[in-house]
Amino acid sequence: MRLSPLVPCAVLLLAARAEPPRLPAAPPVVHPNDNLTPAGALAGGTLELHLVAQPARWQPEADDGPGIVVAALGEEGGAPSIPAPLVRVRLGTRIRATVRNALPDSTLVVHGLSPAGDSLVIPPGQTRETGFVPAASGTYLYWATRGTEGPAARGGAEEEQLAGALVVDPPEGVAPDRVWVINIWSDPGDTTVSPRRPRGSVLAINGRSWPHTERVEAALGDSVRWRWVNASRRPHPMHLHGFYYRMMARGGALADTVIPPGQQRLTVTEVMRARTTMALAFAPDRPGNWLFHCHLIYHVLPSLRGDIASAAGAPEPHHAPGDHMAGLVLGFHVPNTRGWSGPPRIGTRTLRLLALEEPRPGSLHGVRMGFAVDSGRGPGATAPDPAAPLLVLHRGQPTDIRVVNRLAEPTAIHWHGIELESWSDGVAGWSGSGLTVAPMIAPGDSFTARLTLPRTGTFIYHTHFNDDRQLLAGMYGPIVVLPPRARFDPATDHVFVAGIEAAADGREALLVNGSRAGGTLRFRAGRAHRLRFINITPAHFVRITWARDTTPLEWRPAAKDGADLPAGQTALRPGRTVLGLGQAEDYLVTPAPGTYRLLLQRAARREPEAIYTVEVR
């Protein structure tokens, strides 16, 4: 059910005559808001909330780290904060808020704190008041944008730090949870698709950028409940390492949709669209260090670290284990309080995976990287497989995959979507626990990942080191996990892996299974075919269409990220989807004889880029 949280109430708008404020000589310092303490004062069923927008110095890495002067919201008489102060009430509470604009040169437009989606327009030096009663419990957000008066006009900039969470709890209360807010600030530039970073940028979770984001501790076996607020105007595919999370609700500023328990699907990567919210839960049943992060690589680049005051980022490539991520990353630790040990490793299968490279004139980095599976017979491959090599594994069978690094630089391999031990997760300098953390794989060295696959499905392996270099060069591949003793049948089981090839001039091309061209596929009529799609591009949504001529046909959704979909989500539907970054989706088709088309393209493109002709006989 979709509900609006706001009902009109007696709304009073006050325009206080005041002189425009002046920029302070020493702006106050932003307080990183952990969203543990609600703002305002509650009395007689009404929350009194008094906010002020003012210039402030934001230091997202550390109290003595680099900073930038931004506009920030805070409570009157208190420090400005990023995210903006948490507004959290129980259903039935009336919220009465005043907002004062202490920015010297900008009109402030406030959204999400007024009935029915109305906005508050506040000139410099003035105050507005509003009142409303939330109509439904859920996770929402409020935010402000700056107008175009004077030098504050910043065409192309992202100023999404003027935003915070608004949480409405049911009257009986809720189980303990945490609230996390994504905020972005940047000079003109596009933080979504450009590897050429803008002059300065900050991407933060609760006011901090990795590795300075809060380190969370979660109890082994307990239920972890998080509310996430994307306060930016960018999409963020949020990926959890090592575990599945259950989607409980999706919403935004004006509505929240509670997902019925029987329809709460499992996922490892969920796309949060601009200014949306989600509520999720998961149960960490394995100890160690884990990550939750945006899978858009330009939002976790190490060059984001410390570059907010100038274009001078850290040198690349980054060869230290602690230096290969920044930005929208949250780390959490699960202590081994119950003497956990991994599943028994009886009858272990072993695989040898070679990380290889070869010259690639005209490419962005002048090299193509990738993998080859070593059969153990003969000298082995010396160049990467042109197509991302498929690893076929079996549920319940312990499998050791030895990754041998024959690149000229370090690497680390993440087993995306796989429920595994932390040591093998593939984040150099982090995976593991305490002082025992996994190393990067140095050139000429190797690392053995210990996997025991608890479920069948479609998964990914890919680099988790120097992603902007290695992922664009081809360091990824698919995994298909089958039931015990089942055999992979390429006649009815079809895997499509979408990646990106980047040229030295900055142009990019969509690759599917290592090729730009598409091709001809031959299906057997009257048989069920499983189409497995993977998007491991750095920054592109991929549109996929199953059609006859130009008309989409029907297919049956089967799984997402390796997890079977709830029964209510597997009905036949038109054969088109937009696949988010770091996601895998499976569909079933049983085509009659004829000729069909399977089309793949970057979602921003008008025309298909990879066209497959499917002949069914």
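Quick look at the values:
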item	result
Unique residue being farther than 30 Å from Arg485 by Cβ and either of a type in the set (Phe, Trp, Tyr) or more than 26 Å from the chain's Cα centre (by Cα) (or both) when the list is Arg345, Arg395, Arg360, Arg377	Arg360
Residue list for region 211-249, restricted to those being more than 29 Å from Ser422 (Cα to Cα) and either assigned to a strand (DSSP E or B) or of a type in the set (Phe, Trp, Tyr) (or both)	none
Index of the failed condition, Leu472 passing every other in (1) outside any helix (DSSP H, G or I); (2) on the phi < 0 side of the Ramachandran plot	(1)
Residue in region 410-429 that is in contact with a His (Cβ under 8 Å, 6 or more places away or on another chain), within 20 Å of Pro344 (Cα to Cα) and not aromatic (Phe, Trp, Tyr) present	yes
Test result for Gly444, under 22 Å from the mean Cα position of the chain (by Cα), outside any strand (DSSP E or B), modelled with pLDDT of 95 or more and not assigned by TED's automatic domain parsing to the domain that holds Arg507	no
Region 233-244 residues that are assigned by TED's automatic domain parsing to the domain that holds Leu330 and touching a residue at least 60 places away in the same chain (Cβ under 8 Å), paired with ones that are polar (S, T, N, Q) and surrounded by 20 or more Cβ atoms within 10 Å (Cβ to Cβ) (beta carbon under 6 Å, 6 or more apart)	His236/Asn230; Pro237/Thr269; His239/Thr269
Condition broken by Leu521, with the remaining ones in (1) modelled with pLDDT of 95 or more; (2) in a loop (DSSP other than H, G, I, E, B) satisfied	(2)
Any hit, region 141-149, residues being in a helix (DSSP H, G or I) and either over 20 Å from Val202 (Cα atoms) or modelled with pLDDT of 95 or more (or both)	no
Single unsatisfied condition, Arg532 versus (1) outside any loop (DSSP other than H, G, I, E, B); (2) more than 17 Å from Val616 (Cα to Cα); (3) more than 22 Å from the chain's Cα centre (by Cα)	(3)
Tally, over region 337-378, of residues that are over 28 Å from Asp489 (Cα atoms) and assigned to a loop (DSSP other than H, G, I, E, B)	14
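The values are calculated or read from the model by the stated rules, or taken from the named source; none is laboratory data. For clarity, every value in this text was computed on a predicted model and none was experimentally measured. In this analysis, Cβ positions are derived from the backbone assuming ideal geometry, glycine residues included, and neighbour counts consider all displayed protein chains.
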